[in-house]
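Inspection log for the structure reproduced underneath, given as structure tokens.
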Amino acid sequence: MNQVTSRMMNFFCAATMLAVSIGAQAKIVSKEIEYKDGDQALKGYLAYDDAAKGSHPGVLVVHDWMGIGAFSTKKADDLAKLGYVAFAADIYGVGNLPKDMKGAGEMATKYKSDRTLLRSRVGAAYKVLLAQKGVDSKKIGAIGFCFGGTTALELGRSGADVKSIVSFHGGLSNPTPADAKNIKGHVLVLHGANDPWVDEKEVAAFNQEMRASNVDWQFHSFSGAVHAFTNPEAGNDPSKGAAYNKAASDRAWVMMKDFFKETL
């Protein structure tokens, strides 16, 4: 081995060790944040990479109909690992988590039937995210699952300055379709092709809503997938209308990452 080759090898070894050292310094920090919407006490979950410097895009994460819990906070952690400042919103409020699916259905219906209240609640979480250190206020995204997908879309329809909205198997109904003109950013809908809870009529109405409002939107259907296809806790029986589908879930997450790279 000549001297030049030896120096080159030493350089690359040092560079590799430095890269490993920098990677090891990355630390995902998470904490609960208490906030309010009117008189309702709320408790969200913030996650970010403590080793990241400067400002970074922020992403709001909205839970499914069971309320904020392990599923939505895990998604916030996953986003933080990708370099985003993520805040898992609390739509229902402290002390209001459903105890079962019946309660979840009643709670979700309450908010879906009152879009003014729903927008107020998600808007409060949006303001919390904007206020966080290291968040680039011009690069905000929102994602939601099931009920949360509906909520993320409502944030856009409210006129909030959100650049990217992603709905995972979310409800697509909208009592005021003209409000879609208020969406300032891009929309990605990730839908189970066999979802019995969001039928073809609802899908068609949503597509028309997007066309009429000249929104930059994408709609992807996953074959064989039903409602809640990203959630392992949904079980594995599609005949029940809600079931986990790993292939669809993995593909949907990759699509979200690519979408955010483009739009954020």
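The values are calculated or read from the model by the stated rules, or taken from the named source; none is laboratory data. Since the model is a prediction, treat every value here as computed from it, not as a measurement. Backbone-built Cβ (ideal geometry, glycine too); neighbour counts: all protein chains shown.
Restricting attention to region 113-147, the residues that are farther than 29 Å from PRO232 by Cα and in a loop (DSSP other than H, G, I, E, B) total 5.
Any chance region 64-73 includes a residue that's modelled with pLDDT of 95 or more, over 19 Å from THR151 (Cβ atoms) and not basic (Lys, Arg)? No, every residue in region 64-73 fails to be modelled with pLDDT of 95 or more, over 19 Å from THR151 (Cβ atoms) and not basic (Lys, Arg). Within region 200-224, restricting attention to residues that are touching a Leu at 6+ places or on another chain (Cβ under 9 Å) and among the hydrophobic types (A, V, I, L, M, F, W, C), which residue is farthest from LEU188 (Cα to Cα)? In this case the residue turns out to be ALA205. Within the set of pairs 6 or more residues apart or between chains, which connect a residue that is within 9 Å of ALA225 (Cβ to Cβ) inside region 240-258 to a residue that is of a type in the set (Asp, Glu) with Cβ atoms less than 8 Å apart? Pairs found: ALA243/ASP237. Residues of region 76-89 that are assigned to a loop (DSSP other than H, G, I, E, B) and under 14 Å from PHE145 (Cβ atoms): ALA89 alone. Restricting attention to region 181-236, the residues that are surrounded by fewer than 18 Cβ atoms within 10 Å (Cβ to Cβ) and of a type in the set (A, V, I, L, M, F, W, C) add up to 7.
Sub-9 Å Cβ pairs linking a first residue in region 193-210 that is under 16 Å from PHE168 (Cβ atoms) to a second residue that is part of a loop (DSSP other than H, G, I, E, B) and β-branched (Val, Ile, Thr), at least 6 apart or interchain, are ALA193/VAL226; ASN194/VAL226; ASP195/VAL226; TRP197/VAL226; PHE206/VAL198, ordered by first then second residue. Within region 62-72, the set of residues being surrounded by fewer than 20 Cβ atoms within 10 Å (Cβ to Cβ) and either touching a Gly at 6+ places or on another chain (Cβ under 6 Å) or in a helix (DSSP H, G or I) (or both) comprises ALA70 only. Regarding GLN3, is this residue more than 25 Å from the chain's Cα centre (by Cα), at pLDDT 50 or above and surrounded by fewer than 14 Cβ atoms within 10 Å (Cβ to Cβ)? For GLN3, the condition - more than 25 Å from the chain's Cα centre (by Cα), at pLDDT 50 or above and surrounded by fewer than 14 Cβ atoms within 10 Å (Cβ to Cβ) - is not met.
The residue of region 159-193 that is nearest to LEU60 (Cα to Cα), among those that are hydroxyl-bearing (Ser, Thr, Tyr) and either in contact with a Leu (Cβ under 9 Å, 6 or more places away or on another chain) or in a helix (DSSP H, G or I) (or both), is SER164. Quick one: would you say VAL59 is at pLDDT 95 or above, within 26 Å of MET256 (Cβ to Cβ) and not in a helix (DSSP H, G or I)? The answer is yes for VAL59. Return a yes/no flag: does region 90-98 have any residue that is modelled with pLDDT of 95 or more, aliphatic (A, V, I, L, M) and not in a loop (DSSP other than H, G, I, E, B). Within region 90-98 (the criterion being modelled with pLDDT of 95 or more, aliphatic (A, V, I, L, M) and not in a loop (DSSP other than H, G, I, E, B)), the answer is no, since none of the residues qualifies.
Condition check for THR150 on (1) closer than 19 Å to VAL226 by Cα; (2) at pLDDT below 95: one failure, at (2). With respect to being part of a helix (DSSP H, G or I), modelled with pLDDT of 95 or more and closer than 14 Å to SER72 by Cβ, ALA104 fits the description.
Only residues that are among the aromatic types (Phe, Trp, Tyr) and surrounded by 18 or more Cβ atoms within 10 Å (Cβ to Cβ) were counted across region 27-54, and they come to 2.
The lone criterion from (1) among the β-branched types (Val, Ile, Thr); (2) under 24 Å from ASP199 (Cα atoms); (3) touching a Pro at 6+ places or on another chain (Cβ under 8 Å) left unmet by ILE140 is number (2).
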